[in-house]
Structures are given as structure tokens and as C-alpha cells.
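See below for the structure under consideration.
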Amino acid sequence: MRLFTTLRRLTKIHDILCNKLTKECPSYSATRRSVYISPSLDQWGKNKKHRNVKLNLFHEAMADPKIEEVLAPLRAHVKEQGDLVRKLKEEGAPALDVKKAVLELKARKKVLEDKELSLAPNQTFDRAKMEDLLKRRFFYDQSFAIYGGITGQFDFGPMGCAFKANLLQIWRQFFVLEEQMLEVDCSVLTPEPVLKASGHVDRFADLMVKDVQSGECFRLDHLIKAHLEKISADKKTSQDVRDECQDIVIKLDGMNKAEMAAVMEKFKMKSPLTGNELTEPIEFNLMFGTQIGPSGLIKGIQQFMVKCGVDPSRLRFRQHMANEMAHYACDCWDAECLTSYATGVRLAAEKKLAEPRVCDVVEACPNKGALGKAFKKDAKTITDALAGLKIEDVEDLERQLEDDGSYQLSVGDEKYTLNKDMVSVKKYQKTEHVEEIIPSVIEPSFVDDSSGSIGRRYARTDEIAIPYGITIDFDTLKEPHSVTLRERDSMGQVRIPLDDIAVTVHNLSYSKESWSDIERKYPKFEQQENKGV
């Protein structure tokens, strides 16, 4: 009851403030919306009989009355058609009649949306810049981007993970804690018999067509719909053809493979991107198979991979050795494909050394001309293998060339005999200023060691939406110790004692104090250039 009493008091205060504001500021108007909550916390669910306490919530009405006059008949037009659709469904009308009514409802909604957009304030939004920022600051990026990426799959970076965590937290706060809903976390894998029984395996499939030259795939129902809408929009198209196109679009969801193929043939459809011929429709099941269990007896990761085009002779399932598995795993299997495909990105990190160091270098130097003459097309394979030799292998190569005059190089199942004319060993020293690291495990740590003004560093934190920034500068070293605190939205800064900073940030974060309160309490501070701190 305490929560209910508090809400009722807040509502009353809110009503008084809104009424006062309306009287003192005639240009302000508010609309009232009624919602209901239950006074008993152990009674939850929207259909509970105790959810009958009325709260009056106010929302500022920003719309111009003249604009509303224009939109009102369009809103009524949409409502009229919506009522018709609801009536047809309740009366069990034929599916075709319902689809036609739904199509008309969507058309009316589109007219209303277009009119709303045309009357809205002229605001521009550069989507390309936003997406560039999100990727540059690694909110997200396409999965496996260095290998060309996979359409529809994305990886979250540090900022994206934080955003996702915040979103889940808000969801739990609102629905689980306040609405007392119950959260479950289920497996993402579902056995095939379950999906077979539900009809997903047999019916949850899309028909696709491919560009015969480029290989580009198109979802067939979307392709047909777009093509027929383009024909209907053409002024030269007769009314009979327009009616036929509309009828096909309405029936499209219920068409089978043969019927869609006939529509393609009748309207001579080509690839919308290249104008090339398209293949016959092929089924693409949206239920991806996954291997469950090491035995592979449950249908699944091999049939799917073979269907995707992996050569079965180059595919294997390998059980992890004991020293390969994670500490929490008792068994693990990998599906491995034999391929020469590699990333074109150099996966190396550099660490600056405190002091330069001199290193001994021993490397095999191939004579490409001699190798090409002797081994033809295999010369590149040999060159790559020589470049990958370890130091001890290069030393062994040098020793065998000196003792026997030849060296046998093994590459896979092949063996190549090399002589002194084909390869030599070079030794020299070089001075290194950085240490090159090829990471096998990426540690989740980040350090901003870039130079520039404090203002520029603030700008970088602004991009990832950090609301408050604390700067330690030379004045911090002086007594009494202090730092600067900056607010993101206003870009205002204050000088604040070090002892106060933790409590201040806490109060700001939990809305116990506003930024205006802080600016009144502490002296204003102007930006200064970074001097190396």
C-alpha cells in the first residue's frame, strides 16, 4: 500500500502543477490519459479486478490545431477501415475479403503517415554519419568483417554491450520489478521433432531466386510484390492489368512454388539490380539446423553445411583434446573446413618498448627465379613455406645446405629438394623500437594514450554518451586537491574539491541533484590545453 499511497500523492501534486501551469501560461495545453494500477502488490496482470485505481497523467500537446484539422479526416478514414477489418474477422468473412480490407487499411495508414511527415517540422538526419559513428566507436560491426562479413549478423563492441545491458536493465526494472512479470531464459536450440510437430520444418520456408550471373539472392514474394507495384504505378498500364496485379499481391501469401513461378514467367521478371535472368524458385528453410551432442545422431551443423555448399570431402568434425577445452567443458567438437582462405588484415598488435633492443635475425631467402624455373606453379607454395619456417628450421636448412648441398622441404604431403642456387640463409641484426604481438586471447582492456587538448578528449567521450567527465590536471596536484567536472549536454565545467567528487557524481547519477545545482555550488572552470597528464 505504501507504493500506491506515494503514487497517489505524486499524481495529486502533478495535477496541481499542471493546472497552475495552464492558468499562468495560456499557450500551454495538456491532454489527459487514464491508466490503472493495482493497489495490492500481490495482485498483478492487466485483467485483475483490483486494477481499478485511476491515475491522471498529462502529456504536452505539441500539435498545432491547424495541423490537427488537416489530419482529423484522415485519422477518421483509417479508423473507419480498421473497424471494417475487425468486423470482417469477427463475422468470419472469407479470407480474400479480409485481405483486401487489410490492404486498403495499410493504404490509408500510408496516406496518413505521408501527410504527417509533410506537415512535421523540417528536420534532417544523416543516417550515414550516424552509422559511421556507431561503427567507428565500435557500438557494433558486421560479424567476421575482416573476412568479408555475413549479412544480418553483427557483433557488439564495448559501447554496444553496455547499451544492451542498460536496455535489459530497464526492461527488467519496468516489467519484472514493477509489473511483477516473470522472466525465463530458455535454450536457443530446439530439437527437430518439436519444430516438425509445430509445422515450422515443413512450412517455415521462403522461396528464393538467384541472379544467374552474379549469384545475388532475392526473396521471391518481395520481388514479385515490388515488380507488380512498379507495373501498377506506370501510367501506361491498363486498369485490367492493375486489377490483376492487385489481386496477385493480395493472394501472394497463399501462393505455392508453382504459382509464383508462373507469375514470374507471365510478367518476364529479371534481376532488379542487373537485369539478368533469374533461376527457378528454390526453397530456403529459415529454421537453421544445429548439431546437438557429439554423436551426431540427432539431426543437425553437417547436412546444413553441405547444403550451404561445403565439399563433404573437405569437412570434418574434430573432438577437442583435453588441453584445448575450456575449463568448464567436459567435451567439445569443432566442424572444420579445409580451406586456404585467410583474412587480408594483419592481425598483429604493437607494444612500444621502453628502450630499443638489438635482435639477431635468421631467415631463409628464396631465389624466386631459380625456384620458378625448377618447380613452375609450385614455386609460390615453396616460397610461402620458407617464409613460415621457425628459427630452428632455418638453422637446420643452413646446416644441411653446407653439409649435403641440398635440403628437403616438406609441404603437406609433398616434398621438394632445394639446393644452394634456390635458397640461402641470411643473418643480420636489427634494432627494434616496438614489440610485435600476435594475440591468441584478447584482453578486455582499453587505454586512451592519444595526445591533444582536453576538449578533444571530451569530444571523444561525448560520442559514446558519457554524461559526466572528470579531469585531473596540474592544479590537482596543488592543495587543496581538486578536479574539474564536465557535463556532456551543456559542456559546462566546474572546479570541485577532490573530497566532494564521488558524492557529487552519485547525486547527479541518481537525480538527487541537477547540473544547475552543481553550477551554483562550485566555481565555473574554463577548458585548458592538455600538458601531458
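A compact table of results
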read-out	value
Spin-label proximity, Leu315 to the stretch 209-235 - amide N less than 19 Å from point 7 Å beyond Cα toward beta carbon	none
Distance between modelled label sites at Asp404 and Glu350, nm, 7 Å Cα→Cβ extension	4.1
Förster-model FRET efficiency, 51 Å R0, Ile282 and Ala233, C-beta, rounded to 0.05	0.95
Spatially proximal aspartates and glutamates relative to Lys427 (Cα-Cα < 18 Å; intrachain offsets below 8 disregarded)	Asp360, Glu363, Glu392, Asp393, Glu395, Asp396, Glu398, Glu402
Packing-based ranking, highest mean first, of 75-87, 353-365 given that Cβ atoms within 10 Å are counted	75-87, 353-365
Members of Lys66/Lys99; Lys79/Lys268; Lys66/Lys230; Lys79/Lys251; Lys129/Lys270 lying beyond 30 Å, as alpha-carbon distances in this model show	Lys66/Lys99; Lys79/Lys268; Lys66/Lys230; Lys129/Lys270
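Every number here is computed from the coordinates shown, using simple stated rules; none is lab data. Keep in mind the model is a prediction, meaning the values are calculated, not measured. FYI the Cβ positions are ideal-geometry reconstructions off the backbone, even for glycines, and counts take in every protein chain you see.
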